[in-house]
Each structure stands twice: as structure tokens, then as C-alpha cells.
Amino acid sequence: MSKVNPTDRKYSKDHEWILDHGDGIATLGITDHAQELLTDIVYVELPEIGKKVTSGDAIAAVESVKSVSDIFSPISGEVIDVNRKLEASPNLINADAFGEGWIVKLNMDDAAAGSALMNADEYESMIVADRQ
Amino acid sequence: MKKTALYERHALLGGTIVDFGDWAMPVQYTKVIEEHNATRHRAGLFDICHMGEIEIKGRQAFDLLQLALSRNLQNQYPGQMKLGLLLNAQGGIMDDVTVYPLKEDAYLLVTNAATKDRDYQWLQKIKQEKGFDEVSIMDISDRTGKLDLQGPVSEAILQKVVPEPLNELKYYHALHTSVSSIPAMISRSGYTGEDGFEIYAAAEKIGNLWDDLLDVGGSYGLRPVGLGARDTLRLEAGLMLNGAEMDETVTPYEVVYGWITNMEKGFIGKAALEQLKREGFNRKLVGFTMTDRGIARHGYKVFMEGQKVGYVTSGTFSPTLGKAIGLAFVPPVCQEPGTVIEIEIRNNRAKARIVSLPFYKRKR
């Protein structure tokens, strides 16, 4: 069973979460549900700092033993930090997808961009619907 | 999707079911790496009921198989199993199969799941065209169940439910016996690079066998293992997969199957192979380990000195070695271990080094 989705962030249909820090900067990761589906994450490809992304672009890639999944940024902006710990310990995403397993920090082009995404309840409803 | 006799059990065990060549099969019960390690260090139990079994009987059974298979079966005796290849007229691999002589004039052929129907039709065609009237070819897949018990403690587990002393059963040899009092054929073989057994029994009894083995094996650390770990285990052992490394356009010499191709005898595809041997092959299957970060996957392009030279057939993260490994086709000039290649992973070229196979070899 997945961990409860924190209510302090927004969610995309591709199972990314965005935590808006209120200063134009947002942290991005994948949800606990997503890591459960992927299982056994063995490699994370991080973007270069300074990379500019448009909403919908692949921003990182997460590899499990069996498959590779692109991580799409649901917002536009510039990469200002990446979680280097994932290079040595990619399974931090499995262990703590909403915390230690964060992937990148973005300087958002539009501070309100995240507001169009799902809240925790809406995201939970989507997962439940997917399971049926 | 087709279901094996164990489907309900997989669901009860929490297996994640996927479509594998139109079979509903468990890809994992818990996690691929856990199941992989359980098999390497203790034991794993695999549902292999989806694979095909074809029985070939009659006075000309040997002659038909000698013609159909590149392997020479001349000195094979009941109790010994052999790997063989069914080739098309162009020398391309239709299937890699295992051959068990059951008794005089009777053989069991174990085929891959996806190729079984085609193999069956092909054998029927050979029978008709060559006039092997005294051979009967029967697809017994539906009534045959198969389990693989693999791992260093598999002998200890199986010994609990088999009357004969298993330490006397040699590698690549088979025995007609009973497992948990259920009539079965077992062979000391498998697809993981570990010691282990392949177990054949009636499909309607295979569920009892599965339950009993998990019960008896529980205290030894036996776990059910899905297709995910089956693939990482076989790749570490340098074993090829039909559909990834092999298809009808691939000949035995391009993969590492020259050793089961006997040019001293006649077989379908031989003339084409002789011609190819004279002309030379332009690709060779090699193993590689990634030296840069990243995991190469099936179909990724291989480069050398800026030129595209080949492609990856299988690639994964090796739980045992802790690094990314794979198999690829490259030109024969690039096949030497130590050769540096580059693999295009998404938009980057990552370095890899050709290594000799297998990646993993168990201590005996």
C-alpha cells in the first residue's frame, strides 16, 4: 500500500509531485505510488543544472531493473539544483519518494503554474480509479 | 490471455501479472532484486508451465530429429538431456529447445512458449515432406506442467520429496521419479546459472507440487520467483533469450551456439550455414558491462569510434555484480574482451567494455 500523499504539494497525472516553496522555487519528485510501480530503482539520470524545461518535457529518467521511465516536468522553469544523493543511492526514491528521494529543484517561469495540478485528494482518486 | 494451472496461486501470492507472449504470467511477487538474490543464495521456484512440450514417437523419431535439429543426437541416451536448435532453410534460429530421449524411439522436445505452435507445424511439415510416416508428433503442452527449482539449496529441498539420491543425478541428466508422490520427470538443469532442477508433471497435479515445494522449501529460504528475476538471472549467466538474442534472421554462429551445431551430419539449414561460414559472418553476440553510468536496453544503438556498429539485444542492472550489463551484436572485429564501445542511452553516448561471458559463474 502506498504512503499517504502529503497535502502540502500538487500532483500530475504522470505521478510527479511538485512542492511550491512560495519563493518561485519548487521541488519535484515522483510519488510513492509511482515508486511502487517502478520497484527496485537502480539508476537515476539527472539533468544539468541550468537546463531550461517546458511543461511536459522529460526532465530526468528513472531506471528500475526491468525498465526505464522518463520523468516529465509538469511545470516550466530552470533547473537550479539536483539531488546528487540519488547518484550513489537511487533507491532513496523507493525508501522516501516524498522526502529524501526528491529529484530536482526548479526556478518556476510562472509562480502559479503548479496550481493547475491535482491536489492530494484528486490524485488519490485518480490512483484508485487506475487500480479498478 | 492464456493462464497456467498456477494462475490463481500467483494472484494469491500477490504476484504482479503481465502479458508475456499472450500468457498471463507473474513478473514479480515482491521485488525483482529480492527474488534474484533468493535464487542466487538459497532457492527460487518458477512457474514454467507456459513453455511447450512436444512428444515425438515412432521408429523414425530419431531420423526426423536428426534432420530437424542442428545438434547431433547420435550418442544421446535416455536419461541425458541436450540443447538443440531448430533452424529454417536459411540457417536462421526458429527455436532453441531441450531434447529428452524418453525411451527407445520416443523423445520429448521442450520449446519456448511463443514458438511452440510454429515448431509443431514445422515438425509436421518435415514429417510430411520427408515421408516420416512412422512418426507421431504430439503437442502435449496443455497437459504438461513444468516448474523450475533453482538455487544452491534446491537439491536439499527436492531431496525431501524425491526417493532417489539426488546427489547422483548429474548435470544435464534426467530421471523419471516421483515428487511428493506425484509421478514426475526431473532434470538437473535450468536457466539461471545455478544448480537446480526442471520438474515435469501432469498439469492437473502441478499445483500440488508447487504448494508442497514451497511448504518444504520455506525453511530453506525458497521463494516463488517471477519472470523479472528469471531474466536478470539468465542474463548474468550469459544465457540467450529467444526473441531478444535470437530470431529467424540470426544464425547459430553469430550467437554462441556454434557448439550445438554439428556440421558433420545433415540437417535443415546446413547448406546455408556452410555458405555463410565461407563468406564470413558480419556480426557476433558479445557481452558488455557499462563503464559510464546508465543502463543499456534492448534495441539501443552501439557505436565505435563514432560509427554505428551494432545494437543491444538485452540489458539490465545486474544485482549480483552491482552494475549494468548487457548483450549486443557487434562486428566480429570488435568482439575482443576489453574493446571499448559506446551505447546511445537516450541522447547520450555512454561507454561500455566488452567482456567474456558469462558475467556470473557459480562456484562448484
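The values are calculated or read from the model by the stated rules, or taken from the named source; none is laboratory data. Keep in mind that this is a model prediction, so the values were computed, not measured. So basically every Cβ, Gly included, is an ideal-geometry build from the backbone, and we count neighbours across all protein chains shown. Side chains included, ligands, DNA and RNA excluded: accessible areas come from the protein's heavy atoms. Shrake-Rupley method; radii C 1.70, N 1.55, O 1.52, S 1.80 Å.
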- Note on the structure: For the range B:262-364, the percent of accessible surface on carbon and sulfur atoms (probe 1.4 angstrom, ligands and nucleic acids excluded) is 46 percent
- Taking +1 at the Cβ of each Lys and Arg and -1 at the Cβ of each Asp and Glu, which of B:L45, B:L239, A:M118 sits farthest along the dipole of the protein assembly as shown towards its positive end, judged by Cα position relative to the Cα centre? B:L239
- Which value, in square angstrom to the nearest 100, describes the accessible area buried between chains A and B on both sides, using a 1.4 angstrom probe? 1400 Å²
- Item | Computed over chain B: relative contact order in percent, which uses C-alpha pairs under 8 Å that are six or more apart | 18 percent
- Note on the structure: the range B:20-81 and the range A:1-28 have their Cα centres apart by a whole-number Å value of 47 Å
- Message: Apply the Karplus curve 6.51 cos²θ - 1.76 cosθ + 1.60, θ = phi - 60°, to the phi angles in the range B:253-258 and return the couplings in whole Hz, x for Gly and Pro.
- Response: 6, 7, 9, 9, 10, x
- Pop a pseudo-label 7 angstrom from the Cα along the beta-carbon direction at both B:A272 and B:H176 and give the gap in nm to one decimal. 3.7 nm
- Note on the structure: Rounded to whole Å, √(5λ) for the Cα gyration tensor eigenvalues of the range B:188-251, largest first, gives 27, 15, 10
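Any idea what the relative contact order of the range A:1-117 is, in percent, if you count C-alpha pairs under 8 Å spaced at least 6 apart? Intermediate values should be presented prior to the final figure.
Values: 258 pairs, mean separation 34.8, N = 117.
So the answer I get is 30 percent.
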- Query: Cα centroid distance between the range B:88-125 and the range B:168-209, in Å?
  - Reply: 20 Å
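If one computes P(r) from the Cα atoms of the range A:37-104, what percent of pairs lie at distances over 17 Å? List each step's numbers first, then the result.
Values: 881 of 2278 pairs.
Percent of Cα pairs beyond 17 Å in the range A:37-104: 39.
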- Note on the structure: Set A:K13/A:K105; B:K2/B:K301; A:K13/A:K51; B:K2/B:K284, cut-off 28 Å on Cα-Cα distance; pairs above it are B:K2/B:K301; B:K2/B:K284
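Assign one of three labels to the range B:221-364, namely rounded, prolate or oblate, based on the Cα gyration tensor with a ≥ b ≥ c the square roots of its eigenvalues; rounded applies when a/c is under 1.5, prolate when it is not and a/b is larger than b/c, and oblate otherwise. Write out the running numbers ahead of the final one.
Numbers: a/c = 2.06, a/b = 1.23, b/c = 1.67.
Because a/c hits 1.5 or more and a/b fails to exceed b/c, the range B:221-364 counts as oblate.
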- Query: Which of the peptides B:220-228, B:263-271 is most tightly packed, and how do the rest follow, going by the mean number of other Cβ atoms within 10 Å of each residue?
  - Reply: B:220-228, B:263-271
- With a probe of 1.4 Å, find how much accessible area chain B has per residue, and write the answer as a whole number in Å². 42 Å²
- Among B:G338, B:A89, B:I157, the residue whose Cα sits farthest towards the positive end of the charge dipole of chain B (+1 at Cβ of Lys and Arg, -1 at Cβ of Asp and Glu, taken about the Cα centre) is B:G338
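For the protein assembly as shown, compute Rh as the Kirkwood radius over C-alpha pairs and then the Stokes-Einstein diffusion coefficient at 4 °C and 1.567 mPa s; write the answer in µm²/s, rounded to an integer. Can you show the working numbers first?
Working: Rh = 24.8 Å.
After rounding, the answer is 52 µm²/s.
Expressed as a whole percent, how much of the Cα-Cα distance distribution for the range A:87-130 exceeds 12 Å? Provide the component values of the computation, followed by the final result.
On the way: 692 of 946 pairs.
Counting every Cα pair in the range A:87-130, those more than 12 Å apart make up 73 percent.
Cα gyration tensor of the range B:68-143, axes a ≥ b ≥ c as square roots of the eigenvalues: rounded (a/c below 1.5), prolate (a/b > b/c) or oblate? Present the calculation step by step, with values, prior to reporting the outcome.
Numbers: a/c = 1.24, a/b = 1.18, b/c = 1.05.
It is rounded, given that a/c, with a ≥ b ≥ c, falls under 1.5.
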- Distance histogram for the range B:131-197 (every C-alpha pair counted, 10 angstrom bins, percent rounded to whole numbers): 18, 46, 22, 11, 3
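Rolling a 1.4 Å sphere over the protein heavy atoms, what is the accessible area per residue of chain A, to the nearest Å²?
Working: 6040 Å² over 132 residues.
It amounts to 46 Å² per residue over chain A.
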- Message: I'd like to compare B:25-32, B:172-179: which one has the highest average count of other Cβ atoms within 10 Å, and what's the full order after that?
- Response: B:25-32, B:172-179
- Query: Taking the alpha-carbon set of the range B:308-364, what are its Rg and Dmax in Å?
  - Reply: 12.2, 42
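Take peptides B:304-311, A:6-13 and line them up by average Cβ neighbours within 10 Å, highest first, as a rough protection proxy.
Working: B:304-311: 13.9, A:6-13: 17.1.
The densest-packed peptide leads the list: A:6-13, B:304-311.
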- Taking amide H positions as placed 1.01 Å from N in the peptide plane, with prolines and chain starts having none, which residues 5 or more places from B:W23, or on another chain, fall under 5 Å of its amide H? B:K2
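How shielded is A:40-47 by partner chains, expressed as the average number of their Cβ atoms within 10 Å of its Cβ atoms?
Values: counts 11, 1, 10, 7, 1, 6, 1, 0.
Going residue by residue through A:40-47 and averaging, the value is 5.
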- Evaluated over chain B, the Cα radius of gyration and Dmax, each in Å: 20.6, 61
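Just how large is the dipole of the range B:300-358 about the Cα centre, in debye to the nearest 20, putting +1 at every Lys and Arg Cβ and -1 at every Asp and Glu Cβ?
Once rounded to the nearest 20, the dipole reads 180 debye.
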- Task: Provide Rg over Rh for chain A; use the alpha carbon set for both Rg and the Kirkwood Rh (inverse mean inverse pair distance).
- Result: 0.93
- Heavy-atom accessible area, 1.4 Å probe, ligands and nucleic acids excluded: residues of the range B:30-79 down by at least 20 Å² from chain alone: B:K31, B:V32, B:I33
